[in-house]
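Below is one structure; the comments refer to it alone.
The values are calculated or read from the model by the stated rules, or taken from the named source; none is laboratory data. Note that the structure is predicted; figures quoted are calculated from it, not measured. In this analysis, Cβ positions are derived from the backbone assuming ideal geometry, glycine residues included, and neighbour counts consider all displayed protein chains. Only protein heavy atoms, including side chains, enter the accessible area calculation; ligands, DNA and RNA are left aside. Shrake-Rupley method; radii C 1.70, N 1.55, O 1.52, S 1.80 Å.
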Amino acid sequence: MKRIFFVLLPNVHILDLGGPMQILATLPELGLAELSIHCVGPHAELNSFQGVSLMDIAPLPTKLTKGDVVVMVGSKIQTDQPYTPHQLKVVDWLSALSKNIPEGVIIASVCTGALFLAEAGLLDGRYCTTHHDYLERLQKAAPASRVLSKRLMVQDGPIYTSAGVSAGIDLALHLVGQYFGSAIALRVARENLVQFRRLEHDPELSAPLCYRNHNDPVIHLVQDYMTHHPCDSGTYDELAEQFSLSYRHLARLFQQACGITLKQYQQKLKLDLARRMLKDSHRSIEGIIEHCGFASPQAFRAAWRQAETLSPSVWRKVQKLDRAHEAA
């Protein structure tokens, strides 16, 4: 991720813009990543639907390259009126983009921004979502798409769509996690005092991002340590000593804050690492088991069966086929 372009139209919703912008702007603010953020659109000045005036909006970019992220921000749309010249200009720009999305470029939308992706043909044949009041209109605008309800966000290849208002924050955190990893995503979330949210059918959170909806600073530090050392072979007594706690006290605090035991949490971290290695490396399953710190192949397979229905080898094949399909 190098450049973020927030595409703005008149009557833009302030939270649709400010939420994801705040999350992504935290990366350079904390020195976590070098990226630039740009507000672009067909007009240099506009009024938001909430009455705030926005100025110095740059023109729509003429060329996108690998590492660029385009976010079509939601705005108030008059359902009984045809698109305005400004809106049509954005649709035309997106239509030209839809003919050949450059490799490594992501197109995203917040709330009603999905309607403009639909008009431009970017959602044809793809799964997508938007604010619940506009789901039917989105399906009419993109009859070849698969519009999903009760979703905070949907990812289909390089296209990401999200529901209304605060869902833009969830979308931005999801992107941070995908690009920079769970540790940085957690730091960004905690800096902004927001939690990772998912509805039932949204993309699953990785293990390091789960069980974080508590306010115990010590347990957050313990989770940070365990996330960075998922294969640690030390004892739980040694872990507790690092935080000046007894094991019994740590175990009780951890259970109260997270709702699961230390052992269960560590197993989830190990399984998460094993999945990533199965998906992204060519290491043998036996080598992955050893690297992830499982006591034995039998212990790994017992833990795996509790979380997955497919065997590790079949799961790996399915993931590689899915990746090849997305690339195609």
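Structure above, values below:
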item: Selection status of residue 193, closer than 21 Å to residue 31 by Cα and open to solvent by 40 Å² or more (accessible area, probe 1.4 Å); result: yes
item: Members of the range 132-159 found to be surrounded by fewer than 24 Cβ atoms within 10 Å (Cβ to Cβ), in contact (Cβ under 8 Å) with a residue 40 or more places away in the chain and closer than 21 Å to residue 67 by Cβ, listed by number; result: 155, 157, 158, 159
item: Filtered residues of the range 160-172 (kept if among the β-branched types (Val, Ile, Thr) and open to solvent by less than 10 Å² (accessible area, probe 1.4 Å)); result: 161
item: Residue that is most open to solvent (accessible area, probe 1.4 Å), among those in the range 250-294 that are in contact with a Ser or Thr (Cβ under 9 Å, 6 or more places away or on another chain) and more than 25 Å from residue 314 (Cβ to Cβ); result: 255
item: Filter result (out of contact with any Ser or Thr (no Cβ under 8 Å at 6 or more places or on another chain) and closer than 20 Å to residue 14 by Cα) within the range 144-173; result: 165, 166, 167, 169, 172, 173
item: So residue 320, is it more than 17 Å from residue 204 (Cβ to Cβ), surrounded by fewer than 19 Cβ atoms within 10 Å (Cβ to Cβ) and either touching a Lys or Arg at 6+ places or on another chain (Cβ under 9 Å) or without any contact (Cβ under 8 Å) to a residue 60 or more places away in the chain (or both); result: yes
item: Criterion (under 27 Å from the mean Cα position of the chain (by Cα) and either within 17 Å of residue 209 (Cβ to Cβ) or in a helix (DSSP H, G or I) (or both)) met by exactly one of 264, 256; result: 264
item: Qualifying residues in the range 94-119 (those that are modelled with pLDDT of 95 or more and part of a loop (DSSP other than H, G, I, E, B)) - the one nearest to residue 179 (Cα to Cα); result: 105
item: Boolean, residue 237 is at pLDDT 90 or above, part of a helix (DSSP H, G or I), closer than 20 Å to residue 255 by Cβ and under 20 Å from the mean Cα position of the chain (by Cα); result: no
